[in-house]
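Working notes, beginning with the structure itself.
Derivation of every value follows stated rules applied to the coordinates shown; laboratory data play no part. Predicted model only: the values in this text are computed from it and were never measured. All Cβ positions, glycine included, derive from the backbone under ideal geometry; neighbour counts span all protein chains shown.
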Amino acid sequence: FGSVLLTLLNMLSNGLIGLVIISILIWQNPLILCVLLILISSLILIFDKIFRRKLIELGHQRNEANHKIVKNIHEAIDGFKELRILGNEIYFRSNLIEGAKLISYCSIRERLLSVAPGYVLEALLVFFIVSIIYTSQVFGQDLAQILPTLSVFGLAMIRLKPIAINFAGGLTTI
């Protein structure tokens with residue numbers, strides 16, 4: 001409950017900051033902002049739709065592996081004398097190693113899935129800026145005219161990127 005509440009409060013504060021930035025961007029260029037919001041929103045929804053189930057499944061697997069390790073250690077400690085006499089340490093050691101490998105596998109996948117949206121969003125934002133420059137050149141606009149807008153959007157993206165990543169992570173947590 002505590003982590004969900006903290007996540008909601010974090011999403012609320014980031015949402016307020018995002019609204020202020022978006023209102024400045026509306027004032028600067030509403031058309032470019034609409035395209036940017038559609039791109040970022042669709043990216044967040046796609047990642048949430050695709051990876052939410054996988055993250056939940058990996059979390060369950062990791063919890064089961066942790067439970068298996070604790071159970072294995074408990075049984076090994078309880079029967080330590082019998083294990084030494086009978087020579088069955090290999091069985092418990094192999095179970096322990098198997099559980100540790102599963103925890104490692106799940107942790108790596110969870111980390112990868114939680115970091116990937118940031119890099120994809122960054123690539124999307126760079127593509128967005130380049131496409132704005134390209135579109136302005138195709139329609140014959142002078143680069144000096146579009147440069148202030150690009151500067152404002154570039155600076156806004158520096159702050160909106162962590163907000164979008166936190167929002168996507170918050171959706172996964174909730």
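A few comments on the model shown:
- Any hit, segment 4-13, residues being over 30 Å from Pro148 (Cβ atoms) and buried (at least 17 other Cβ atoms within 10 Å of the Cβ): yes
- Annotation note: of Ile22, Ile73, Ile103, the sole residue that is in contact with a helix residue (DSSP H, G or I) (Cβ under 9 Å, 6 or more places away or on another chain) and under 30 Å from Phe153 (Cα atoms) is Ile22.
- Of the residues making up segment 29-58, those that are over 20 Å from Pro162 (Cβ atoms) and crowded, with 16+ Cβ neighbours inside 10 Å are Asn29, Ile32, Leu58.
- Those residues of segment 108-148 which are part of a helix (DSSP H, G or I), over 30 Å from Ile46 (Cα atoms) and of a type in the set (A, V, I, L, M, F, W, C), in sequence order: Val138, Leu143, Ala144, Ile146, Leu147
- Residue in segment 153-169 that is touching a residue at least 40 places away in the same chain (Cβ under 8 Å), farther than 20 Å from Ile22 by Cα and under 10 Å from the mean Cα position of the chain (by Cα) present: yes
- Some residue of segment 62-84 being hydrophobic (A, V, I, L, M, F, W, C), touching a Phe, Trp or Tyr at 6+ places or on another chain (Cβ under 8 Å), under 30 Å from Gln145 (Cβ atoms) and surrounded by 15 or more Cβ atoms within 10 Å (Cβ to Cβ): no
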